[in-house]
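Note sheet for the following structure.
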Amino acid sequence: MVRIPDAKVALSTASVYPESTATAFEIAARLGYDGVEVMVWTDPVSQDIEALRRLSDYHRIPILAVHAPCLLITQRVWSTDPWTKLQRARSAAEKLGASTVVVHPPFRWQRQYARDFVNGIWRMADETDVRFAVENMYPWRYRDREMLAYAPDWDVTKDDYRHYTIDLSHTATARTEAMQMVDRMGDRLGHVHLADGRGSAKDEHLVPGRGTQPCAELLERLALSGFDGHVVIEVNTRRAMSGAEREADLAEALAFTRLHLASAARIAGP
């Protein structure tokens, strides 16, 4: 008997870019994902709670997580104040039934926000049942130069957070040992962005299994440890030449994830 772990496998709406948030819901439902993570960005639908609720109801697919607008291109989405962005992300998660808000550490030039970030995330986490899962990032590189763009640090395990998100494309870009970072996160690992990478200076977000990161090993450990968070496929399909090619990539990512969660369950079975 194979016992499939309880961890749900979701599709990040970022995985269909440059297609729309609405397209992500359609694809996730058609391919059999357990839910979606909404990346809040410049697509107006991603910012509209009622529109998101209608998509979830229509496609019968739950919203499991909300990714707060932390990117350079979303500096004006949901206010220019970073704390307001997080408050709105929390409100959206609560109204949509999502269990997790994913948040990046601040950019270094957001000095006041960065100074209060760790304590502020704890305060916000104490006010809700929604998890604020802070995501590991990476140094920015150009040729032989490295710039530390995030504060307090791109390696979020150097600071004290209630929950973490591990992103394996980011560990590849940072050229850090992913499983050692997972060890440091311990039982505070609350959320996973599953993608692959080869250690390029660019954040690659490859389909799992196409790079050098321990995607299979991580999934097997999650299954054996009784991980109760979500595994979110967050891959780059911008180079897909057609909608069919994009869906094939996302189907492959889903099959890879479920295969390795189930293979660990088989090992642990009676």
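Laid out as a table, the results:
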| item | result |
| --- | --- |
| Residue within the stretch 111-126 that is part of a strand (DSSP E or B) and either crowded, with 17+ Cβ neighbours inside 10 Å or not hydrophobic (A, V, I, L, M, F, W, C) (or both) present | no |
| Residues (open to solvent by 10 Å² or more (accessible area, probe 1.4 Å) and under 22 Å from Glu177 (Cβ atoms)) located in the stretch 223-260 | Ala223, Leu224, Ser225, Phe227, Glu234, Phe256, His260 |
| Residue in the stretch 74-91 that is more than 16 Å from Ala133 (Cα to Cα), assigned to a helix (DSSP H, G or I) and among the aliphatic types (A, V, I, L, M) present | no |
| Test: residue in the stretch 35-56 that is over 18 Å from Val103 (Cα atoms), part of a loop (DSSP other than H, G, I, E, B) and open to solvent by less than 20 Å² (accessible area, probe 1.4 Å) | no |
| Enumeration of residues in the stretch 185-222 that are open to solvent by less than 30 Å² (accessible area, probe 1.4 Å), part of a strand (DSSP E or B) and hydrophobic (A, V, I, L, M, F, W, C) | Leu189, Val192, Leu194 |
| Among (1) within 19 Å of the chain's Cα centre (by Cα); (2) at pLDDT 95 or above, the one test that Pro44 misses | (1) |
| Residues satisfying the stated conditions in the stretch 169-188, i.e. closer than 17 Å to Val102 by Cα and in contact with a Gly (Cβ under 7 Å, 6 or more places away or on another chain) | Ser169 |
| Residue within the stretch 69-82 that is crowded, with 16+ Cβ neighbours inside 10 Å, more than 26 Å from Met181 (Cα to Cα) and aromatic (Phe, Trp, Tyr) present | yes |
| The one condition in (1) open to solvent by 10 Å² or more (accessible area, probe 1.4 Å); (2) touching a His at 6+ places or on another chain (Cβ under 8 Å) that Ala65 fails to fulfil | (1) |
| Qualifying positions in the stretch 131-150 - modelled with pLDDT of 95 or more, open to solvent by 10 Å² or more (accessible area, probe 1.4 Å) and either closer than 18 Å to Leu168 by Cα or outside any strand (DSSP E or B) (or both) | Tyr138, Tyr150 |
| Pairs where the first residue, in the stretch 51-67, is more than 20 Å from Trp78 (Cβ to Cβ) and the second is in a helix (DSSP H, G or I), C-beta under 7 Å, 6+ apart | His59/Phe25; His59/Glu26; His59/Ala29; Arg60/Ala29; Ile61/Phe25; Ile61/Ala28; Ile61/Ala29; Pro62/Ser56 |
| Filtered residues of the stretch 5-34 (kept if of a type outside the set (Gly, Ala, Ser) and part of a strand (DSSP E or B)) | Lys8, Val9, Leu11 |
| Residue match in the stretch 243-256 (condition: within 18 Å of His67 (Cβ to Cβ) and in contact with an Asp or Glu (Cβ under 7 Å, 6 or more places away or on another chain)) | no |
| Lone unmet requirement of (1) within 22 Å of Thr80 (Cα to Cα); (2) within 19 Å of the chain's Cα centre (by Cα) for Gly120 | (2) |
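The values are calculated or read from the model by the stated rules, or taken from the named source; none is laboratory data. Only a predicted model underlies this, so the values are computations on that prediction, with no experimental measurement involved. Using ideal geometry, Cβ is built from the backbone for each residue, glycine included, and neighbour counts are taken over all protein chains shown. For accessibility, only protein heavy atoms count, side chains too; no ligands or nucleic acids. Shrake-Rupley method; radii C 1.70, N 1.55, O 1.52, S 1.80 Å.
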